[in-house]
Amino acid sequence: MATVADSFLPVSDPTLVQAHVRDVIRAFECAKGSDADQISTARAIYELSIFAPNRRIILEADGLTVVTELLRATNDDVLAYGLSICSQLAKEGADACTALRDVSVHRRTLELATSKVPEVQAAAINLVYWLAQDPESKTFLRQSSAESILSDQAVLSKDIITSKLLNHAINSLLSTSKSCSELSQLVQDSDLTSSLRSARESLLSAAAHSSARQTLSDAASLRHELAKSDPSATQPYYSVSSGKKDDVEDKVGANQAERAEVPAIKDEELQIDQVRVTFTLSVPSRKGISKVVLSGNTQELGRWQPKQAITMWQNARGDYQAELTLPSWMRELEYKYAVVQVKGSNEEFVWESGFIRKFKLGSERMQQLSDSWEGVEGLEDFAPPTRERAVTERAQHVSEEDKRDRSASAGPGNWRSNYRKI
């Protein structure tokens, strides 16, 4: 006997499915006297008919013979399965509906539409709906007074689901109603569908363009990451310290120091709401400089605190560089460079002179700045708030002799007290 597990076969092999359908039909013919075997066979054929490629195979394998036997059964479950199988076969189109009409399925369906069993009645009404999608079957049902039969059942029905199925079936039998294929053709030919199709194509085109731009952006980001990992691009320059002297520059007295260590740079993935800014600083003289830092008005730059500033590194050309990841909503950035000079065991931070630098961020995800160091002499009053007081701002030292002269002039009988009396 066929079981539920046996009915689920790969639909990609029609020969195997057709052989299985024939086996099920033969098993059904041998089990006409057993209700349990008939239910098992009906369930197997129904599960095969759910898949569209199997329906044509069932029709070609003389499956209608089994269907007619199922519709003559006395068991309610077998009748419900038989009506459900016919509903699936009716979806194949006009040829399948004609074959069903030839074996008197239409008349048997109208008889079962008045059944007192809710499951059988619901399956019969659903079959009427699918048969009405074929124009010839619709005409046959109208001539068989299907509308009046279903209308009477709608008056007597007390089940909500059955009432909804009856309304759908009655509407499908109306002369002005359109079948599913006709409605589908109308939708395809309508102006709204054309507009929706154009809008869909525009959205897909925009999505493809955006995807292409994202791909280019990712490629640019990848090139940037590869450039950072390239030793020739990130190898640090020389700093003036102890080291082996170069034979060429030994005559002019320049000292050639050993290469400094490359600072550890975090290879963080750039998010969609972030931009990466690369700062490049050119320093004409590195004499006495321990390191160069970058500070500014944001938390990433340390908020003008030199000890929390970003330490810059040297590239192959000897320029100092630093990378900073900022949110894309930021529009303007204030920053300034400082050098660290070591005097004994202490570190002294010396800000560059000139105004506080400002940079307006653009819409690009990768941005670069190139600056030149400004000497510490000159506009010292425009240094960040943590600077030391200028010479003109410092309190002058008052000697003891000047203090005595001022106190004597404020005593009784002096010109200050006389002036107050006037």
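The values are calculated or read from the model by the stated rules, or taken from the named source; none is laboratory data. Not measured: the values here are computed from a predicted model. Cβ sites come from the backbone with ideal geometry, for glycine too, and all protein chains shown count toward neighbours. Just so you know, the surface numbers come from the protein's heavy atoms only, side chains and all, with ligands and any DNA or RNA stripped out. Shrake-Rupley method; radii C 1.70, N 1.55, O 1.52, S 1.80 Å.
Filter the range 43-56 down to the residues that are open to solvent by 20 Å² or more (accessible area, probe 1.4 Å) and either of a type outside the set (Phe, Trp, Tyr) or touching a Lys or Arg at 6+ places or on another chain (Cβ under 6 Å) (or both) and list them by number.
As a first pass, look at the range 43-56 and keep what is open to solvent by 20 Å² or more (accessible area, probe 1.4 Å): 43, 46-47, 50-53, 55-56.
Listed by number, the residues that qualify are Arg43, Glu47, Ile50, Ala52, Pro53, Arg55, Arg56.
Need the failing condition index for Gln38 against (1) without any contact (Cβ under 8 Å) to a residue 40 or more places away in the chain; (2) more than 51 Å from the chain's Cα centre (by Cα), just the number.
It is condition (1) that Gln38 fails.
If a residue has to be surrounded by fewer than 20 Cβ atoms within 10 Å (Cβ to Cβ) and either more than 17 Å from Trp130 (Cβ to Cβ) or among the polar types (S, T, N, Q) (or both) to count, how many in the range 88-101 make the cut? Steps first, please.
Applying the first criterion (surrounded by fewer than 20 Cβ atoms within 10 Å (Cβ to Cβ)) to the range 88-101 yields 91-95, 98-99, 101.
Still in the running and either more than 17 Å from Trp130 (Cβ to Cβ) or among the polar types (S, T, N, Q) (or both): 98.
Qualifying residue count, the range 88-101: 1.
Quick test of your reading of the structure: Thr278 fulfils all but one of (1) open to solvent by 10 Å² or more (accessible area, probe 1.4 Å); (2) without any contact (Cβ under 8 Å) to a residue 60 or more places away in the chain; (3) under 36 Å from the mean Cα position of the chain (by Cα); (4) on the phi < 0 side of the Ramachandran plot. Name the failing condition by number.
That leaves (2) as the condition not met.
Among (1) open to solvent by 20 Å² or more (accessible area, probe 1.4 Å); (2) of a type in the set (Gly, Ala, Ser); (3) at pLDDT 75 or above, there is one condition Ala5 misses while meeting the rest; what is its number?
Failed condition: (3).
Taking the range 301-313 as the region of interest, how many residues are open to solvent by less than 70 Å² (accessible area, probe 1.4 Å) and part of a loop (DSSP other than H, G, I, E, B)?
5
Identify the residue in the range 110-125 that is of a type outside the set (S, T, N, Q) and over 50 Å from the mean Cα position of the chain (by Cα) and, among all such residues, is surrounded by the fewest Cβ atoms within 10 Å (Cβ to Cβ).
In this case the residue turns out to be Lys116.
Output the residues belonging to the range 111-167 that are among the hydroxyl-bearing types (Ser, Thr, Tyr) and under 21 Å from Val78 (Cα atoms).
First, pick out the residues of the range 111-167 that are among the hydroxyl-bearing types (Ser, Thr, Tyr): 114-115, 129, 137, 139, 144-145, 148, 151, 157, 162-163.
Those that are among the hydroxyl-bearing types (Ser, Thr, Tyr) and under 21 Å from Val78 (Cα atoms): Thr114, Ser115, Tyr129, Thr162.
Taking the range 362-374, which residues are open to solvent by 20 Å² or more (accessible area, probe 1.4 Å) and assigned to a strand (DSSP E or B)?
Initially, the range 362-374 is screened for residues open to solvent by 20 Å² or more (accessible area, probe 1.4 Å), giving 362-366, 368, 370-374.
Within the range 362-374, Met366, Gln368, Ser370, Asp371, Ser372 qualify.
From Val78, Val128, Val105, grab the single residue that is under 50 Å from the mean Cα position of the chain (by Cα), within 21 Å of Leu150 (Cα to Cα) and open to solvent by less than 10 Å² (accessible area, probe 1.4 Å). Even if it seems obvious, please write down each step before you answer.
Working: Val78 fails: within 21 Å of Leu150 (Cα to Cα); Val105 fails: under 50 Å from the mean Cα position of the chain (by Cα).
Exactly one residue qualifies, and that residue is Val128.
Can you list the strands (runs of 3 or more DSSP E) found entirely within the range 314-361 that contain at least 1 residues being at pLDDT 85 or above and open to solvent by 50 Å² or more (accessible area, probe 1.4 Å)? Even if it seems obvious, please write down each step before you answer.
On the way: elements: 320-327, 332-343, 346-351, 357-360.
Once the strands (runs of 3 or more DSSP E) in the range 314-361 are filtered for at least 1 residues that are at pLDDT 85 or above and open to solvent by 50 Å² or more (accessible area, probe 1.4 Å), what remains is 332-343, 357-360.
Does Ile170 qualify as being of a type in the set (Val, Ile, Thr), out of contact with any strand residue (DSSP E or B) (no Cβ under 6 Å at 6 or more places or on another chain), open to solvent by less than 50 Å² (accessible area, probe 1.4 Å) and modelled with pLDDT of 80 or more? Steps first, answer last, please.
Working: of a type in the set (Val, Ile, Thr): yes; out of contact with any strand residue (DSSP E or B) (no Cβ under 6 Å at 6 or more places or on another chain): yes; open to solvent by less than 50 Å² (accessible area, probe 1.4 Å): yes; modelled with pLDDT of 80 or more: yes.
Yes.
Does Ser157 satisfy the criteria of being in contact with a Ser or Thr (Cβ under 7 Å, 6 or more places away or on another chain) and either open to solvent by less than 70 Å² (accessible area, probe 1.4 Å) or modelled with pLDDT of 85 or more (or both)?
Details: in contact with a Ser or Thr (Cβ under 7 Å, 6 or more places away or on another chain): yes; either open to solvent by less than 70 Å² (accessible area, probe 1.4 Å) or modelled with pLDDT of 85 or more (or both): yes.
Yes, satisfied.
For the range 284-295, state whether one or more residues are surrounded by fewer than 19 Cβ atoms within 10 Å (Cβ to Cβ), within 16 Å of Gln368 (Cβ to Cβ) and either within 38 Å of the chain's Cα centre (by Cα) or of a type in the set (Phe, Trp, Tyr) (or both).
So far as the range 284-295 goes, no, none of its residues is surrounded by fewer than 19 Cβ atoms within 10 Å (Cβ to Cβ), within 16 Å of Gln368 (Cβ to Cβ) and either within 38 Å of the chain's Cα centre (by Cα) or of a type in the set (Phe, Trp, Tyr) (or both).
Would you check which residues across the range 264-275 are at pLDDT 55 or above and surrounded by 12 or more Cβ atoms within 10 Å (Cβ to Cβ) and list them?
The answer is Leu270, Gln274, Val275.
Hey, any hits in the range 116-129 for a residue that's in a helix (DSSP H, G or I) and either basic (Lys, Arg) or without any contact (Cβ under 8 Å) to a residue 40 or more places away in the chain (or both)?
Filtering the range 116-129 for residues in a helix (DSSP H, G or I) gives 118-129.
Retained after the next criterion (residues that are either basic (Lys, Arg) or without any contact (Cβ under 8 Å) to a residue 40 or more places away in the chain (or both)): none.
Looking for residues that are in a helix (DSSP H, G or I) and either basic (Lys, Arg) or without any contact (Cβ under 8 Å) to a residue 40 or more places away in the chain (or both), one finds none in the range 116-129, hence no.
Name the pairs whose Cβ atoms lie under 6 Å apart, with the first residue in the range 286-302 and closer than 12 Å to Ala322 by Cα, the second open to solvent by less than 60 Å² (accessible area, probe 1.4 Å) and part of a loop (DSSP other than H, G, I, E, B), and 6 or more positions between them or separate chains?
Qualifying pairs under 6 Å: Val292/Met312; Val293/Ala309; Leu294/Ala309; Leu294/Met312; Ser295/Leu301; Ser295/Gly302; Ser295/Trp304; Ser295/Ala309.
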